[in-house]
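**Q** What follows is a structure written as structure tokens; I'll ask about it next.
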Amino acid sequence: MKRLLYNGKLLSADTFQLGLPNRGLAFGDGFFETLIFIENHLRLAADHHQRMQQAATALYLALPEALATPQALETTLAALARANELPAARLRLQFWRAGGGRYTPPTNTAEWLATAEPFAADDTAVATADFARETHSIYSPLSFCKGPQAWLYVRAAHERQQRGLDEIILCDAAGHVAEAGAAAIFWTKDGVLFTPSLASGCVAGVRRAQVLRAARQADIACQEGLFTTSALIEADTAFTANVAAIRPILQMRLTCFQQAKLPSFLEQPLAD
């Protein structure tokens with residue numbers, strides 16, 4: 001029987017019902033987080049917790065006690081994975097403001113829902129990628145977290161599917177590279193690692209932060225900024241990175257990258 005956590009209570013997913021009013025449904029008044037539990041360990045728990053805390057602060061919400069620290073977060077979600085008998089699990093945490101009302105927040109209390117499904121990493125190479133034509137990234141005070149701008153990624157995924165691409169890259173309205181459809185985008189040129197800055201409207205991905213840490217520890221020069229599409233097309237290597245996997249890109253538009261592989265500092269598993 002599939003189980004979920006609703007405000008800390010372990011319930012059957014088959015019979016669970018979400019009551020109304022729900023400010024997440026009505027106003028998008030909340031955010032979500034996707035996490036990976038594997039080998040009895042919540043991957044990047046500290047990074048996830050930091051982003052959750054930043055998102056909660058930006059939305060004037062208080063994280064519940066069961067998720068209030070990285071250790072509490074791991075303990076709570078590990079229990080959910082085990083209740084579902086999942087040694088490897090993709091976990092989703094959804095937060096929304098409690099109560100009803102209209103735009104004016106009635107409380108800073110957050111309700112939350114955690115669900116689990118089997119996880120299998122897909123680190124196969126991205127065969128074909130191109131820039132989105134129909135959707136641009138949008139910088140906002142909440143663009144760093146997941147949820148408030150999720151419609152952008154739904155539109156981008158639809159376009160990717162319609163065009164038969166393996167990956168789609170979002171740019172901002174000025175044409176600066178922002179991110180992949182569900183991952184951060186990186187590339188290398190002449191030994192330097194590049195990735196868009198948060199000013200592009202990209203999500204502050206936990207794997208993005210981990211890759212940058214690993215590169216700097218390996219004495220790799222890193223540049224975060226606003227880069228044109230030509231910078232990516234003319235790169236030596238390119239790859240996407242999210243909490244699930246790091247994937248090299250083989251071809252961007254009609255350009256095949258000179259080195260269709262990951263940089264050497266990513267050849268070993270990255271430390272949390």
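**Q** At 1.4 Å probe radius, can you tell me the per residue accessible area of the chain in Å²?
**A** For the chain, the per-residue accessible area is 49 Å².
**Q** Round to the nearest 10 and give me the degree value, 0 to 90, for the angle of helix 150-163's Cα axis relative to the longest principal axis of the chain.
**A** Between the helix axis and the principal axis of the chain, the angle is about 50 degrees.
**Q** Then there's this: For residue 217 and residue 161 in the same chain, what is the full-extension length gain: residue separation times 0.36 nm, less their Cα-Cα distance, in nm?
**A** This chain segment gains 16.4 nm when fully extended.
**Q** Still on this structure, please answer the following. Work out, step by step, the length gained on full extension between residue 58 and residue 12: first 0.36 nm times the residue separation, then minus their alpha carbon distance; give nm to one decimal.
**A** 13.4 nm
**Q** Something else now. Hey, with R₀ at 51 Å, roughly what FRET efficiency would residue 104 and residue 133 work out to, going by the Cβ-Cβ distance, to 0.05?
**A** Between residue 104 and residue 133 the formula returns 0.85.
**Q** In terms of the ratio Rg/(2.2 N^0.38 Å) built on C-alpha atoms, what value belongs to the chain?
**A** In units of the globular-protein estimate, the chain measures up at 1.03.
**Q** Let me ask you something else. Which distance in Å, rounded to a whole number, links the C-alpha centroids of the stretch 9-66 and the stretch 163-204?
**A** 26 Å
**Q** For the chain, what % of the accessible area comes from carbon and sulfur atoms, probe 1.4 Å?
**A** After summing per-atom areas, the C and S share lands at 53 percent.
**Q** Let me ask you something else. Which of the peptides 75-88, 121-134 is most tightly packed, and how do the rest follow, going by the mean number of other Cβ atoms within 10 Å of each residue?
**A** 75-88, 121-134
**Q** Based on the alpha-carbon set only, what is the convex hull volume of the stretch 1-62 divided per residue, in Å³?
**A** 116 Å³
**Q** Any idea what angle helix 45-58 forms with the longest principal axis of the chain, computed on alpha-carbon atoms, 0 to 90 degrees, nearest 10?
**A** 70 degrees
**Q** Can you check what the net charge comes to around residue 102, using other residues whose Cβ is under 15 Å from the Cβ of residue 102 (Lys, Arg +1; Asp, Glu -1)?
**A** Summing Lys and Arg as +1 and Asp and Glu as -1 gives +1.
**Q** Could you state how much accessible area residue 61 has, in square angstrom rounded to the nearest 10, with a 1.4 Å probe and all protein chains kept in place?
**A** Number for this one is 10 Å².
**Q** Something else about it: By a straight-distance test (C-alpha under 24 Å), which lysines pair with residue 189 as possible cross-link partners, with residues fewer than eight away in the same chain excluded?
**A** Of all the lysines, those that pass the test against residue 189 - Cα under 24 Å, at least 8 places apart if same chain - are 261.
**Q** With a point put 7 Å past each Cα toward its Cβ, work out how far residue 120 is from residue 228 in nm, to one decimal.
**A** For residue 120 paired with residue 228, the spin-label model returns 4.3 nm.
**Q** Hey, another quick one. On a 0 to 90 degree scale, rounded to 10, what angle separates helix 70-83 from the longest Cα axis of the chain?
**A** 80 degrees
The values are calculated or read from the model by the stated rules, or taken from the named source; none is laboratory data. The structure displayed is predicted, hence computed values, not measured ones. A quick note on method: Cβ atoms are made from the backbone with ideal geometry, for glycine too, and the neighbour counts reach across all protein chains shown. These area figures cover heavy atoms from the full protein model, side chains too; ligands, DNA and RNA do not enter into them. Shrake-Rupley method; radii C 1.70, N 1.55, O 1.52, S 1.80 Å.
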